[in-house]
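Enquirer: There's a structure below that I have some questions on.
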Amino acid sequence: MLDGLKNIGKIPELQRRILYSFLLLAVYRIGAHVPTPGIDTAALAAYFEQAKGSLLGFFDMFAGGALSNLSVFALGIMPYISASIILQLLTIAIPHLERLSKEGEAGRRKITQYTRYGTVLLSLIQGFGISVGLENMAGPTGVSIVMEPGWSFRLMTVITLTAGTAFIMWLGEQITEKGIGNGISLIIFAGIVCRGPAAIYQTFTLLAAGEMGIFFIIILVVMMIAVIGVIVFVESGQRRIPVQYAKRVVGRKMYGGQTTHLPLKVNTAGVIPPIFASSIIMFPATIANFISHPWMKLISGALIPGKMVYELMYVVFIVFFCYFYTAVVFNPVDVSDNMKKYGGYVPGIRPGKKTAEYIDDVLSKLTFGGAIYVSAVCVLPSILISYFSVPFYFGGTALLIVVGVALDTAGQIETHLLTRQYEGFMKKGRIAKRR
C-alpha cells in the first residue's frame, strides 16, 4: 500500500486532482463555520446541546456541524439529494424526462439543470421553515435565538441558506468533474469525519468524569470495528455470472471464443439508499422541529433515531431505494442485448429475453440481500447506541457512508494508477468500486 501511495507522486494529473478536491473540501469546512446574520450563536449552541440525540443532531451530523451554529451551509447538501430523488422518480412517470435520460450527455445535462432548479426551490422552502421556527425557539435560559425577529430576518435567512446550498452543490460538481471521487459523497464524508475528533474528545471527557465506563467504551470500539469489517467484506462481494463468447471471423481474423464473467455487486446501490432515505425523512422532520404546533411536536418526537417509528420508516425507505437505484443504474435488457450483439451468452441460458430474465432474477436476489445488509448496518448500531444513551451520534449509517465513500475514492485513485502502468494499493487484487 505504501508503494501505491508513493506512485501517486509520479502522476502530476492525479496529484492535481487530489489537491483540487482537498482545497474545495477545505472551502466547504471553512464555510461551515460562517454564521448566518441575526443569530445568537451561544443560545443556538445551548439548544443543540439538548438535541444531540434527536433528529436535529442526526441532521447536524450530515451537515458537518453547520446546523448547530446555523452557518451559511446549514441546509447542507440534502436539498440537492432530495431534488435528485424527485427527478429520478419523475423520470419514470413523465415521458419527456424519460426521453431526456436516453439522449446521452445532452439529456443528462438538461436533467442536471432541472435538479439544480429543484434544489433552489427546496432550499427556499426549508430555509423559510427554519427561519420561522427559529423565531419561536429559545435557549435553555430563555434567551431568544433570533436577535431581531421579523420579515427582514426571514428573507435574509432564506437567501443566505439557499445561496449556501447552491454553493455546496457547485463545489460537489466541481470535485466530481475536476477532482477525484464523487463530489457530493465526499462533502457528506467530510461533514461526518470532521465530527470524529470532537466525539473522541467527548468520550474521554465522560470517561474521566466517570459517566462512561472503560468496559462500555471497549464494547463500543469493538462494535464499530466489527461493523467496518462487515462493510468492507460485503461491499467487495460479487456474484460472477459466467459468460461465454462464441468464435467469429472478421475478415481473415478470428475473434472470441474466450470465457469471462459478468460481475454483479451484492450492494449495487452503495451508500445511496441510506443517504436518500435520510433525506426523505429529514425534510418534513426538520420543518416539524422548528414549528410550535402539537401535531408537529408529535411528528418530531416520533422521528428520532432509535425510536421504532423512525427505524421502521428508515428500513422501508432503504429497501425501496436499494431496488430503485439498482434499477436505475443497471438494465438487464441492455446488458443481454449487448452480450448477444457480440456473440456472448450465459451457458445453459438462451440468449436474448431469457438471459435478461435470468440476470434480472439473480440481481433481484442480490439486491434483497444487499438491502437487508444495509438496513442492518444502519439500524442495529443506532438502536444499540440509543439504548445505551451514547452522547454522540456515530452509528452504522455514518460508518457505511464513510467506509463506502473511502473505498469508492480509493478505487478511482487506483484506476488512475493502473491505467498508467503503476501498481495499485494492493499487491494482489483490486479495490472494488461501488459502481
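Enquirer: Please tell me if G352 is under 27 Å from Y245 (Cα atoms) and surrounded by fewer than 20 Cβ atoms within 10 Å (Cβ to Cβ). Write out each step before concluding.
Expert: Values: under 27 Å from Y245 (Cα atoms): yes; surrounded by fewer than 20 Cβ atoms within 10 Å (Cβ to Cβ): yes.
Yes: the conditions hold for G352.
Enquirer: Determine whether G65 is at pLDDT 80 or above and in a loop (DSSP other than H, G, I, E, B).
Expert: Numbers: at pLDDT 80 or above: no; in a loop (DSSP other than H, G, I, E, B): yes.
No; evaluated as a whole, the condition is false for this residue.
Enquirer: Being surrounded by 15 or more Cβ atoms within 10 Å (Cβ to Cβ), over 21 Å from L399 (Cβ atoms), modelled with pLDDT of 80 or more and among the aliphatic types (A, V, I, L, M) narrows it down to one residue among V243, V234; which is it?
Expert: On the way: V234 fails: over 21 Å from L399 (Cβ atoms).
Of V243, V234, the one residue that is surrounded by 15 or more Cβ atoms within 10 Å (Cβ to Cβ), over 21 Å from L399 (Cβ atoms), modelled with pLDDT of 80 or more and among the aliphatic types (A, V, I, L, M) is V243.
Enquirer: Next question. Inside segment 7-42, can you point out the residues that are closer than 19 Å to A74 by Cβ, in contact with a helix residue (DSSP H, G or I) (Cβ under 7 Å, 6 or more places away or on another chain) and in a loop (DSSP other than H, G, I, E, B)?
Expert: If the condition is that a residue be closer than 19 Å to A74 by Cβ, in contact with a helix residue (DSSP H, G or I) (Cβ under 7 Å, 6 or more places away or on another chain) and in a loop (DSSP other than H, G, I, E, B), then T36, P37, G38 are the ones that fit.
Enquirer: Considering each residue of segment 258-273, count those that are buried (at least 21 other Cβ atoms within 10 Å of the Cβ) and out of contact with any Cys (no Cβ under 9 Å at 6 or more places or on another chain), and give that number.
Expert: Result for segment 258-273: 4.
Enquirer: Considering each residue of segment 311-324, count those that are surrounded by fewer than 21 Cβ atoms within 10 Å (Cβ to Cβ) and hydroxyl-bearing (S, T, Y), and give that number.
Expert: Of the residues in segment 311-324, 1 are surrounded by fewer than 21 Cβ atoms within 10 Å (Cβ to Cβ) and hydroxyl-bearing (S, T, Y).
Enquirer: Also: What single numbered condition from (1) small (G, A, S); (2) at pLDDT 80 or above; (3) within 23 Å of G31 (Cβ to Cβ) fails to hold for G150?
Expert: Among (1) small (G, A, S); (2) at pLDDT 80 or above; (3) within 23 Å of G31 (Cβ to Cβ), G150 violates only (3).
Enquirer: Are there any pairs, at least 6 apart or on different chains, whose C-beta atoms fall under 8 Å, with the first in segment 393-415 and of a type in the set (S, T, N, Q) and crowded, with 20+ Cβ neighbours inside 10 Å and the second part of a loop (DSSP other than H, G, I, E, B) and at pLDDT 80 or above, and if so, which?
Expert: T409/I180; T409/G181; T409/N182
Enquirer: From (1) at pLDDT below 80; (2) in a helix (DSSP H, G or I); (3) closer than 18 Å to L122 by Cα, pick out the condition that doesn't hold for A83.
Expert: Among (1) at pLDDT below 80; (2) in a helix (DSSP H, G or I); (3) closer than 18 Å to L122 by Cα, the lone unmet condition for A83 is (1).
Enquirer: In segment 9-29, how many are surrounded by fewer than 16 Cβ atoms within 10 Å (Cβ to Cβ), of a type outside the set (K, R) and at pLDDT below 90? Give the derivation first.
Expert: First pass over segment 9-29, keeping only residues surrounded by fewer than 16 Cβ atoms within 10 Å (Cβ to Cβ): 9-10, 12-13, 15-16, 19, 22-23, 26-27.
Next, only the ones that are of a type outside the set (K, R) stay: 9, 12-13, 15, 19, 22-23, 26-27.
Within this subset, residues satisfying the condition of being at pLDDT below 90 are 9, 12-13, 15.
Final tally of qualifying residues: 4.
Enquirer: Pick from V120, V193: which is of a type outside the set (S, T, N, Q), closer than 14 Å to S84 by Cα, surrounded by fewer than 20 Cβ atoms within 10 Å (Cβ to Cβ) and in contact (Cβ under 8 Å) with a residue 40 or more places away in the chain? Show your work before the answer.
Expert: Numbers: V193 fails: closer than 14 Å to S84 by Cα.
None of the other options fit; the residue is V120.
Enquirer: Residues to consider are G164, G181, G133, G172; find the one that is among the small types (G, A, S), in a loop (DSSP other than H, G, I, E, B) and surrounded by 13 or more Cβ atoms within 10 Å (Cβ to Cβ).
Expert: On the way: G164 fails: in a loop (DSSP other than H, G, I, E, B); G133 fails: in a loop (DSSP other than H, G, I, E, B); G172 fails: in a loop (DSSP other than H, G, I, E, B).
On inspection, the qualifying residue turns out to be G181.
Enquirer: If a residue must be crowded, with 19+ Cβ neighbours inside 10 Å and assigned to a helix (DSSP H, G or I), how many such residues does segment 325-349 contain?
Expert: 6
Enquirer: With respect to V315, is the statement that it is at pLDDT 70 or above, of a type in the set (A, V, I, L, M, F, W, C) and either within 24 Å of I225 (Cα to Cα) or touching a strand residue (DSSP E or B) at 6+ places or on another chain (Cβ under 7 Å) (or both) true? Explain how you work it out, then say what you get.
Expert: Numbers: at pLDDT 70 or above: yes; of a type in the set (A, V, I, L, M, F, W, C): yes; either within 24 Å of I225 (Cα to Cα) or touching a strand residue (DSSP E or B) at 6+ places or on another chain (Cβ under 7 Å) (or both): yes.
Yes, satisfied.
Enquirer: Among the residues of segment 308-359, which ones are farther than 21 Å from V266 by Cα, in contact (Cβ under 8 Å) with a residue 24 or more places away in the chain and within 23 Å of the chain's Cα centre (by Cα)?
Expert: Within segment 308-359, Y310, E311, M313 meet the criteria.
The values are calculated or read from the model by the stated rules, or taken from the named source; none is laboratory data. Quick caveat: nothing in here was measured; it's all calculated off a predicted structure. Positions of Cβ are backbone-derived with ideal geometry, glycine not excepted, and every protein chain shown enters the neighbour counts.
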